[in-house]
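Read through the structure below, which is laid out as structure tokens, and then see the notes.
What follows is calculated from the coordinates using simple rules that are stated; it is not laboratory data. Here the structure is a predicted model, which is why all the values come from computation and not from measurement. For neighbour counting, all protein chains shown are included, and Cβ atoms are generated from backbone atoms with ideal geometry for every residue, glycine included.
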Amino acid sequence: MKIKNYFFYATLSIVLFPATLFAHHNFQAEFDRDLPVVITGTVVRFELTNPHARLYVQEINDSGETVNWNFELTAASNLLRRGWRRDSVNPGDTVTVNADRAINHPNIGNARRVTLINEEGENTIFGQVRDQIQD
Amino acid sequence: MKPLFSRSLVVFIVFAFSASIANAQWPIRLDGVPLSADGSPDLNAPTPRTSDGKPDLSGVWNMIRNTSGGGEQGRPVGEPFEPPPGVPPYATFWDQGFGFENGLPYLPWAREKREERVANKGIENPDSYCLPLGHMQFHTHNQPREIVQSPNQIVIIYEASAGIRQIFMDGRPLPDNDPMEFWYGYAVGRWEGDTLVVETTNFRGDGWVDFYGSPSTDQLKTTERFTRVSYGKMEIDITIDDPGAYTEPFTIRVEHSIMPGDNLVEWVCENEQSTQYFNE
């Protein structure tokens, strides 16, 4: 699949250059790196838009409750340069997201890593990667 | 294909090849780009020149990493790279004093202001309100910028926040009649050999020299020296001279790598997306 090539190079680019490549929009005022979250859920919507791409994910937590998450990704321009398009992530996809939570909202975060789990069980990593993520 | 794990200018290589592999929506056009024997852009090719013999600074440029740990959201990490002899300390987006042994030479009020801004998580950074970031935040931003050069004017377009700077090259002097204060200041440029020297004054008095909030005042004058040392590399030395905030002028180095044949992509700061997340 052609889309695998996109993700392969996106993964390499992200592994090589964590976070330096990602647009800033006052992360510190919005998110707290000391509030890490990791969730696995189903993509509801993906927006490749200004100023930051957004990924909406629905999680069924350990208590069986539905939790709706809103994750900020990097600038759309950075994703476009990696070959992303609006259909690079689709509703119904299963993803695991590592994120820094918003300071004043429990279900909003800044994604550091997004792992797409496809039918073959392959894990493809997008988004921000930080060495030795402490989750 | 050239391996991605090249040791030189890896950032631009990643961008260039990722974008070129991706699709035709954002084509990488190599017309006029000097090529190596293997067909890849020759970053070490000589500096291109305009028809009047001046260095041509035109192109899309990306920030070259200058700390051992790169950066992550919130702060520079690792250690600053040691500059070669005679080269000023490297600038970083978060903290322009990162490469200085004792930090920047703040006046007491400026040091207090910076500490206050750090404590407030930079919420008053113009960036938070989708306002112009200022020279230094733009110089060190990790989104690219494009230089468009003509004989009488050089324009720098910053992808981040769609910033635009005009540098007048027609010999006019800096203003001496205090016309007004500008987000981007009033800039005039001239050539000294192969170096473009840009002097800028008339800044607004509430500037942010870096993301951590090192301040600047309306007394600020910047002198930037742009030298395109090869096709692929730009060196920019910036002298910050602001007696309203610092005890003495200081000079920092920014280095950019070319993104051959690339384009800026629209990036519009949509403030409404983010203000709801600001901690009250």
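Structure data summary
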| item | result |
| --- | --- |
| Average other protein chain Cβ within 10 Å of Cβ, residues A:78-90 | 4 |
| Residue pairs, from the table B:Lys54/B:Lys221; B:Lys121/B:Lys221; B:Lys121/B:Lys233, whose Cα atoms sit over 30 Å apart | B:Lys121/B:Lys233 |
| Candidates per GluC sites (Glu not before Pro) in region B:84-148, loop by DSSP, up to 13 other Cβ within 10 Å | B:Glu101 |
| Region B:60-258 - percent relative contact order, Cα under 8 Å, separation 6 or more | 22 percent |
| Inter-label distance for A:Val38 and B:Thr195, nm, one decimal - labels placed 7 Å from Cα along Cα-to-Cβ | 5.1 nm |
| Calculated FRET efficiency for the pair B:Arg29/B:Asp178, C-beta based, R₀ 45 Å, to 0.05 | 0.50 |
